[in-house]
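Single-structure report; data block below.
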Amino acid sequence: MEFLSFLTEPLQYGFLTRALVVTVCAAVVASVLSCWLILMGWSLMGDAVSHAVLPGVALAYIIGIPFSIGAFVFGAGAVALIGVVKSTTKLKSDTVIGVVFTGLFAVGLAIVSRTPSQVDLMHILFGNVLGVTDGELWQVVILGALTLAVVLYKRRDLTLFAFDRTHAHVIGLNTRALSTLLLGLMALSVVVGLQAVGIILVVAMLITPGATAFLLTRSFDLMLILAASITTVASVAGIYASYYLDISTGAAVVLSQSLVFVLVYLFARRTGIIWQAVTRRRLRRTTPPDDVGKPASLQPTGRA
């Protein structure tokens, strides 16, 4: 009964139930995209987009339009600006990304500091999932469902593009369009995650689940399933932890995901550092001292 009470008590509050739905939805969307970002080495791009949307969010709140519109416009604009600067200069991608996202983030801070608004800057930066309204909940659910639908529809093309761009181009796929689509989906996933964990922490949702799943499997399809499953469990655990420990909800969710990553990093089969250490120790115990260091071809096979 105590365990049942532990599970049901937070759900008696409507704002916590809405927070749970929004957080899980945002986490699943971000986790699926994170697999492609990890595979393609676009983690820094996710960080850039998450910070670059601040001016759009601030202007949306000031004007009185849905924040998702402003966030998506500036997120897509940041991606386009990075592409233009990179194609017209000899600067490397990480340099261009750093310049663009820090500049836009500073613009957003300037707008927030100079313009009176009822919205707390901390809510923009770190999320306000406990204050989500029914309208905002449906907004997140619809955007999340749209993003997942597009990802599932174009999954094969996006996967081939991520693994081998040259082959994708040779067989007739429009690699430029696929790159643009993936960046646009990433911007949408940032918009979905903003309400849950805010601008600062949404990048963790775009990196940690994919990195965790990457350590667990070599199959990309299984990686997608694992990332979504892990982030769902971690998000629910984060919501409960924030309720019972009275800590920031966004921080609790991200900490839960990070804790899972640490456990996988330490104990995962084949890739975990502790698993590898134990395996090496067992190997040393089972290998005769005279054979240690010998090539495998010179070691006894155990046959006459």
Being hydrophobic (A, V, I, L, M, F, W, C), buried (at least 20 other Cβ atoms within 10 Å of the Cβ), in contact with a helix residue (DSSP H, G or I) (Cβ under 9 Å, 6 or more places away or on another chain) and at pLDDT 90 or above narrows it down to one residue among 151, 132, 191; which is it? 151
Residue list for the range 22-53, restricted to those being out of contact with any Ser or Thr (no Cβ under 7 Å at 6 or more places or on another chain) and of a type in the set (S, T, N, Q): 34, 43, 50
Determine whether the range 231-250 contains at least one residue that is hydrophobic (A, V, I, L, M, F, W, C), touching a residue at least 40 places away in the same chain (Cβ under 8 Å) and over 29 Å from residue 9 (Cα atoms). no
Assuming residue 179 fulfils every condition listed in (1) surrounded by 20 or more Cβ atoms within 10 Å (Cβ to Cβ); (2) closer than 21 Å to residue 83 by Cα; (3) hydroxyl-bearing (Ser, Thr, Tyr) apart from one, which condition is it? (1)
Filtered residues of the range 31-50 (kept if more than 27 Å from residue 107 (Cβ to Cβ) and in contact with a Gly (Cβ under 9 Å, 6 or more places away or on another chain)): 31, 32, 35, 36, 38, 39
Among what's in the range 56-98 and is in a loop (DSSP other than H, G, I, E, B) and either touching a Lys or Arg at 6+ places or on another chain (Cβ under 7 Å) or at pLDDT below 85 (or both), pick the residue that is surrounded by the fewest Cβ atoms within 10 Å (Cβ to Cβ). 64
Options 54, 44, 4: the member that is out of contact with any helix residue (DSSP H, G or I) (no Cβ under 7 Å at 6 or more places or on another chain) and of a type outside the set (Val, Ile, Thr): 4
Which pairs do you get when a residue that is farther than 16 Å from residue 37 by Cα and free of Cβ contacts under 8 Å to residues at least 60 places away in the same chain, found in the range 165-192, comes within reach of a residue that is surrounded by fewer than 21 Cβ atoms within 10 Å (Cβ to Cβ) and of a type in the set (Asp, Glu), reach meaning Cβ atoms under 8 angstrom, with the pair 6+ apart or on two chains? 168/157; 173/157
Those residues that are surrounded by fewer than 24 Cβ atoms within 10 Å (Cβ to Cβ) and not small (Gly, Ala, Ser), I need them from the range 204-216; list them, please. 207, 214, 215, 216
Candidates 76, 60, filtered to the one that is touching a Pro at 6+ places or on another chain (Cβ under 8 Å) and not β-branched (Val, Ile, Thr): 60
Just checking, which of 162, 168, 211 is of a type in the set (A, V, I, L, M), modelled with pLDDT of 90 or more and part of a helix (DSSP H, G or I)? 211
Among the candidates 186, 122, single out the residue that is out of contact with any helix residue (DSSP H, G or I) (no Cβ under 6 Å at 6 or more places or on another chain) and within 24 Å of residue 74 (Cα to Cα). 122
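The values are calculated or read from the model by the stated rules, or taken from the named source; none is laboratory data. Just so we're clear, the structure is a prediction, and the values are computed from it rather than from any experiment. When we count neighbours, we look across all protein chains shown, and the Cβ atoms used for this are built from the backbone with ideal geometry, even at glycine.
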